[in-house]
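Taking it in order: structure first as structure tokens, then the write-up.
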Amino acid sequence: MLRYYTAGESHGECLIAFLSGLPAGLKIDQEFVDRELWRRQQGYGRGGRMKIERDHAHILSGVRHGLTIGSPISVQIENRDWKNWQESLPVGEGDPAKHRRVASPRPGHADLAGALKYNFSEARYVLERASARESAARVAIGALAKSFLRELGIRVLSHVVATGGVSVEKEVPWERIETLYGKEDVLLNCADPEAEQRMKEEVDKVLKTGDSLGGVFEVVARNVPPGLGTYAQWDERLDAMLAAAVMSLQAVKAVEIGAGVTAAFSPGSAVHDEIGYSAREGFTAFSRTRNHAGGIEGGVSNGEEIRVRGYLKPISTLRRPLQSVDFATREPVKAAYERSDVCVVPAAGVAAEAMVALTLAKCALQKFGGDSMTETCRNYRGYCEQLKHY
Ligand code: EPS
């Protein structure tokens, strides 16, 4: 059973992630984990904070001599910005005069709902934990889940399909998404250079006007065998698990699997993916000519690429703030402003890759079991043989 948690405040000393349930004997490549963290830090439209941070996964437990040992893994990511916050966010009592209050809640942020819920007089502690900084911890353990999936031949990547009203119309093939991975200048992580340029112009516009942008990312998981997840119980459906995992990311307000949204407005004949049978590479000889289902039918993976889209609301911290109310005086004021990003769609896509990888790894372990990679891979190969002879 794969389980994971994170801890840490955005401007606290560090972020922590726990992951337990990975089999023993999985090779962990520190460079790969840190590259994933680097990818999450990229993208056009990020704020000044990313110039301060240089995220590195400091693995504290569960990995020895470069291999997992079946024990819980804990990872620490330092917040370099902590040195600027030690006095205003101390663990001990500290000096109340140095506290940095968030005096008026930002519409769209967790500020007001969180302050009401936890009975805080202002929103500092709310934003510290609600912040998307937390997603760095998920990316670190997501990289471990990706390493596990890779042993089964499964790959997970993302790309941006819309930002600021500019969108990529056609389905982007895996090979094009893969070329984005090695790029040093991530920009908007969009596979269509012309659309990406127009997206960049949209970001430039909001940078000038003090506004912010949302968008849509797509996560693609390739080479997922048929049979992960089940229709047998509501909370074991793969689509339900993926939707919850991606929706749990900061600022995601909708999740779509395959052509889910347009399918709702189309007749069945235009939506469902017809089935053929011919000798070909893959898990089985059953084939499809298209993939509107996004690789999942009845809550079960069907062997096609899994495609999950996350719809991101615009960042809720605005340099030209919306109307709000002062927590202390209850007078109308403009919402608080703190240094912020104006667009984070590429970064959110990388965080969503981590959530998809963790979900698929959990389902794969449910199906194939195993306490060591030798055992898990043997079970996996046995299942693939069974599929071949179906
Ligand atoms: C965030 C506000 C900004 C972002 C942060 C999320 O941080 P700061 O207030 O320190 O400038 O940069 O994202 C990250 C730090 C990160 O690593 O992604 C927020 O309020 O959600």
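The values are calculated or read from the model by the stated rules, or taken from the named source; none is laboratory data. Keep in mind that this is a model prediction, so the values were computed, not measured. With ideal geometry, Cβ positions are generated from the backbone for all residues, glycine too; neighbour counts draw on all protein chains shown. Heavy atoms of the whole protein, side chains included, go into the accessibility calculation; ligands, DNA and RNA do not. Shrake-Rupley method; radii C 1.70, N 1.55, O 1.52, S 1.80 Å.
Residues in segment 362-379 that are open to solvent by 30 Å² or more (accessible area, probe 1.4 Å), of a type outside the set (D, E, K, R) and within 12 Å of Ala24 (Cα to Cα): Ser372, Thr374.
Listed conditions (1) under 26 Å from Glu36 (Cα atoms); (2) acidic (Asp, Glu); (3) free of Cβ contacts under 8 Å to residues at least 12 places away in the same chain are all met by Asp192, apart from (3). Filtering segment 91-122 to residues that are in contact with a helix residue (DSSP H, G or I) (Cβ under 9 Å, 6 or more places away or on another chain), over 17 Å from Gln323 (Cβ atoms) and not aliphatic (A, V, I, L, M) leaves His99, Arg100, Arg101, Gly114, Lys117, Tyr118, Phe120, Ser121, Glu122. Look through segment 34-68, keep the residues that are surrounded by 16 or more Cβ atoms within 10 Å (Cβ to Cβ) and away from the ligand (no atom under 16 Å from the Cβ), and return whichever of them is nearest to the chain's Cα centre (by Cα). Among those that are surrounded by 16 or more Cβ atoms within 10 Å (Cβ to Cβ) and away from the ligand (no atom under 16 Å from the Cβ), it is Ile59.
Looking for something over 23 Å from Lys146 (Cβ atoms), surrounded by 21 or more Cβ atoms within 10 Å (Cβ to Cβ) and modelled with pLDDT of 95 or more - is there at least one such residue anywhere in segment 219-227? No, there is no match, as no residue in segment 219-227 is over 23 Å from Lys146 (Cβ atoms), surrounded by 21 or more Cβ atoms within 10 Å (Cβ to Cβ) and modelled with pLDDT of 95 or more.
When segment 324-341 is limited to residues that are under 27 Å from Asn84 (Cα atoms) and among the aliphatic types (A, V, I, L, M), the one that is surrounded by the fewest Cβ atoms within 10 Å (Cβ to Cβ) turns out to be Ala328.
For segment 69-101, enumerate the residues that are more than 25 Å from the chain's Cα centre (by Cα), in a loop (DSSP other than H, G, I, E, B) and within 14 Å of the ligand (Cβ to nearest atom).
Hits for segment 69-101 are Trp85, Ser88, Leu89, Arg100.
Considering only segment 102-126, state which residues are of a type in the set (Phe, Trp, Tyr) and away from the ligand (no atom under 15 Å from the Cβ). Tyr118, Phe120, listed by residue number. Contact map, segment 138-161: residues that are over 28 Å from Ser10 (Cβ atoms) and of a type in the set (D, E, K, R) paired with residues that are part of a helix (DSSP H, G or I) and at pLDDT 95 or above, Cβ distance under 9 Å, separation 6+ or inter-chain. Pairs shown: Glu151/Met373; Glu151/Thr376; Glu151/Cys377; Glu151/Tyr380; Arg155/Lys146; Arg155/Leu149; Arg155/Trp174; Arg155/Glu178. If you go through segment 282-317 and keep only what is on the phi > 0 side of the Ramachandran plot, without any contact (Cβ under 8 Å) to a residue 60 or more places away in the chain and surrounded by fewer than 19 Cβ atoms within 10 Å (Cβ to Cβ), you end up with just Gly282. Is it the case, given these coordinates, that Ala136 is under 26 Å from the mean Cα position of the chain (by Cα), at pLDDT 95 or above and near the ligand (Cβ under 10 Å from one of its atoms)? Spelling it out, Ala136 is indeed under 26 Å from the mean Cα position of the chain (by Cα), at pLDDT 95 or above and near the ligand (Cβ under 10 Å from one of its atoms). For Gly164, indicate whether it is at pLDDT 95 or above and in contact with a helix residue (DSSP H, G or I) (Cβ under 8 Å, 6 or more places away or on another chain). It is false that Gly164 is at pLDDT 95 or above and in contact with a helix residue (DSSP H, G or I) (Cβ under 8 Å, 6 or more places away or on another chain). Of everything in segment 69-115 that is of a type in the set (Lys, Arg) and without any contact (Cβ under 8 Å) to a residue 12 or more places away in the chain, the residue that is surrounded by the fewest Cβ atoms within 10 Å (Cβ to Cβ) is Lys83. The set of residues in segment 48-68 being assigned to a loop (DSSP other than H, G, I, E, B) and within 19 Å of Ala137 (Cβ to Cβ) consists of Glu53, Arg54, Asp55, His56, Ala57, Gly62.
Conditions (1) away from the ligand (no atom under 16 Å from the Cβ); (2) under 23 Å from Lys362 (Cα atoms), marked per residue:
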residue	(1), (2)
Glu128	no, no
Ser147	yes, yes
Arg150	yes, yes
Thr163	yes, no
Val168	yes, no
Val186	no, no
